[in-house]
């Protein structure tokens, strides 16, 4: 058994080490998949935000040049004359080449309505701050474009190294490539009417300073990098003027640069485009409240999503090289373990967003894998226990068989020795009297019967195991069996000093095999005599009673009893209780096993229990 335990332990170690490695790798793969899923859906969320910014940029790029005046060139009121619907847009204005400004909210700057005076004053302050910063806007944007190119290369390298949830199956689309601009990337040329050109400057044109026609336009830049003339030239250029145009001059060319942004103050940015006409620069755009805009993005795209329950959205603004948070939404995150971030393209390059999560929601596959591993481990454990138990039973049975051979040899040798001894005594005439001869013959008969019973038990056990034993079941009075058992065992009980008491309250008739029941009771009584030789008093009690459909036959003694741990094992084949008493009294270990097999074959059951006092009781339960 020790060797078997060592082999089972070695097998467990040999299986558990690679299994543990596979489990660890599987959970690592699940964690990577969960992380990739979060990144995948976070990227989708940021894509939606970027699409919203792109839509805003496209809308502003499609505006005509004269919408930034209260009156349109072709008549009617500008669509920007009303207050913006979006709470994050404070208003629209146009910065003129001479530093002045106009806003479509006010028809006449000299007569501002009382309800618009605060807004107009705010626009005035913003325009003054913008005049101080507009000449440094171009280099800042160009530097941002170069940074975007570097970020684009870094992002490409990162995505090549990262094994994402979708990257194993889908090729990245063109929309997933980092953008430098949300709108148009290059400066474009547009045709405007003469009235629009006049409306752009809000002054009457004269023949000497009206805008040049398209075929004579001077100083037109070919790219965004070349569209920024020197400050001196811009301020020295005369404004477009004149209201009388020569016949046939109806269209002009203007150069429109991509949208760009400049920080003003208090989280406000001026998102504008440059309009170049006849070497004069106009800047048209809107004032963006970044905090309100961030709140709008979070409420519209992040808050309704299920991921808001376990992740957080952080929006940051970068201004003059300093980055700071302007909004945090979703679940509070103390330490972000999983982050997906993005800086939006120009003109919103000042705004960056990140989705953070300290812990990922468990994948359904993780739950199923845990259950499967638990079931697998349980079955493996139960299998090993079953293998060990089966092997232990086989080993113990083999050991008991080996002991049985030794015990049978001893049990056969003892009566044969006694028989030979008494025969020699009779031959030598030691039994001088007839009474002594009779005693010797009784001993010879008793030892012969003992030898015969031992041989019969072995033969009966062999027949029962091979299922060759036939039973003669007949209905009879059990009192006949008790009478014969008394007759057979009387001499031995008298010699050992035992008393036999039978208790049968009423006559009992049921179906049984007479010879088998006699053999069963004799086996039980011999066990009581063998192990109760030192008991006081020495008594064996056989009690017979009947219930509704069963007959209960109990054999009780006053011996040492059975150890509690062996009460169920005493009926096993070749089992013997290992103590000093059994080692000195001998036995083969098949008596009780044979009793159980006989009773079970007749449809009954057998049980053993210790008495409240000394001794134990064996109970046979047979059907009527």
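Each reported figure results from applying straightforward, stated rules to the coordinates on display, with no laboratory input. Here the structure is a predicted model, which is why all the values come from computation and not from measurement. Quick reminder, even Gly has a Cβ in these numbers, built from the backbone with ideal geometry, and neighbours come from all protein chains shown.
Spin-label model, residue 129/residue 189: points 7 Å from Cα along the beta carbon direction are separated by 3.7 nm.
Per the Debye formula with a single identical scatterer at each Cα and no solvent contribution, what log10 I(q)/I(0) holds for segment 471-623 at q = 0.12 Å⁻¹? Each listed q corresponds, in turn, to -0.48.
Straightening the chain between residue 601 and residue 391 buys 72.9 nm, computed as 0.36 nm per residue apart minus the Cα-Cα spacing.
Computed extension length for residue 31-residue 534: 173.8 nm, one decimal, from 0.36 nm per residue of separation with the Cα-Cα distance subtracted.
Nearest 0.05, what FRET efficiency do residue 362 and residue 323 give at R0 = 35 Å with Cβ-Cβ as r? Mind showing how you got there, number by number?
Numbers: r = 34 Å, r/R0 = 0.96.
About 0.55, to the nearest 0.05.
Rounded to 0.05, the FRET efficiency of the residue 413 and residue 331 pair, given R0 = 51 Å and the Cβ-Cβ distance, is 0.05.
Annotation for residue 251 and residue 115: the two label points, set 7 Å from Cα along the Cα-Cβ direction, are 4.2 nm apart.
For segment 1-86, just say rounded, prolate or oblate: build the C-alpha gyration tensor, square-root its eigenvalues into a ≥ b ≥ c, call rounded for a/c under 1.5, and beyond that prolate if a/b exceeds b/c, oblate if not. Judged from the Cα gyration tensor, segment 1-86 comes out prolate (a/c at least 1.5, a/b above b/c).
Please list, by residue number, everything in segment 348-376 whose backbone N is under 20 Å from a paramagnetic label point 7 Å out along Cα→Cβ of residue 47. The answer is 352-356. Packing, taken as the mean count of other beta carbons within 10 Å per residue, orders the peptides 17-30, 51-64 from highest to lowest as 51-64, 17-30. Over all distinct Cα-Cα pairs of segment 477-535, the Kirkwood formula returns a hydrodynamic radius of 12.4 Å. Spacing of the modelled spin labels on residue 474 and residue 491, each 7 Å from Cα toward Cβ, amounts to 2.7 nm. For Cα pairs less than 8 Å apart in space and 6+ apart in sequence, what is the mean separation divided by the residue count of segment 471-623, i.e. the relative contact order in percent? Worked out over segment 471-623, it gives 23 percent. Relative to the current alpha-carbon distance between residue 22 and residue 5, full extension at 0.36 nm per residue lengthens the span by 3.5 nm.
Across segment 301-377, Cα-Cα pairs more than 22 Å apart make up 41 percent of the total.
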